[in-house]
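Written out below as structure tokens is the structure these notes cover.
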Amino acid sequence: MIISTTNTIDGKTVTNYLGIVTGCVMAGFPGGAKAVQRGWTTAVEGAQKEMVSQASALGADAILGVKIDAHKSGIGDYLYITGTAVKLG
């Protein structure tokens, strides 16, 4: 599965747009630079896995236009990842 923040892949043509796919995880970012980095990496990997699972179920070859965003709430920190699942030719 190709995952990209861009809207195109060099040498490939988008033949079908399959829909928006998402991933969301509640993340804990403990103190200290290394701990925060590990927490961020773990959160991104978890959200990405969820998004790829959705795209695979749609028969996608790639996810384009990927955006990652984090939000704080009274309950905790959330990391969201979104993109567009596509078929490539």
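Before moving on, here are some points about what is shown:
- Residue within region 45-55 that is hydrophobic (A, V, I, L, M, F, W, C) and part of a strand (DSSP E or B) present: no
- Residue within region 34-43 that is assigned to a helix (DSSP H, G or I), among the aliphatic types (A, V, I, L, M) and in contact with a strand residue (DSSP E or B) (Cβ under 6 Å, 6 or more places away or on another chain) present: yes
- Meets criteria (touching a Phe, Trp or Tyr at 6+ places or on another chain (Cβ under 8 Å), surrounded by 12 or more Cβ atoms within 10 Å (Cβ to Cβ), more than 21 Å from Gly89 (Cβ to Cβ) and in contact (Cβ under 8 Å) with a residue 12 or more places away in the chain) for Gly46: no
- Hits in region 62-89 - residues which are within 11 Å of Leu18 (Cβ to Cβ) and β-branched (Val, Ile, Thr): Ile63, Thr84, Val86
- Which numbered condition Asn16 fails, given (1) more than 13 Å from Lys87 (Cα to Cα); (2) not in a loop (DSSP other than H, G, I, E, B): (1)
- Selected residue [at pLDDT 85 or above, in a loop (DSSP other than H, G, I, E, B) and either over 17 Å from the mean Cα position of the chain (by Cα) or over 12 Å from Ile3 (Cβ atoms) (or both)] from Gly31, Gly74, Gly59: Gly59
- The residue that is modelled with the lowest pLDDT, counting only those in region 17-28 that are over 14 Å from the mean Cα position of the chain (by Cα) and surrounded by 14 or more Cβ atoms within 10 Å (Cβ to Cβ), is Ala27.
- Exactly one residue out of Val14, Val21, Val36, Val52 is at negative phi, touching a helix residue (DSSP H, G or I) at 6+ places or on another chain (Cβ under 6 Å) and β-branched (Val, Ile, Thr), and it is Val21.
- In region 56-69, the condition of being exposed (fewer than 15 other Cβ atoms within 10 Å of the Cβ), of a type outside the set (D, E, K, R) and in contact with a Ser or Thr (Cβ under 6 Å, 6 or more places away or on another chain) is met by at least one residue.
The values are calculated or read from the model by the stated rules, or taken from the named source; none is laboratory data. Every value quoted in this text rests on a predicted model; they were computed, and no experiment measured them. As a convention, Cβ positions derive from the backbone with ideal geometry for all residues, glycine included, and neighbour counts pool all protein chains shown.
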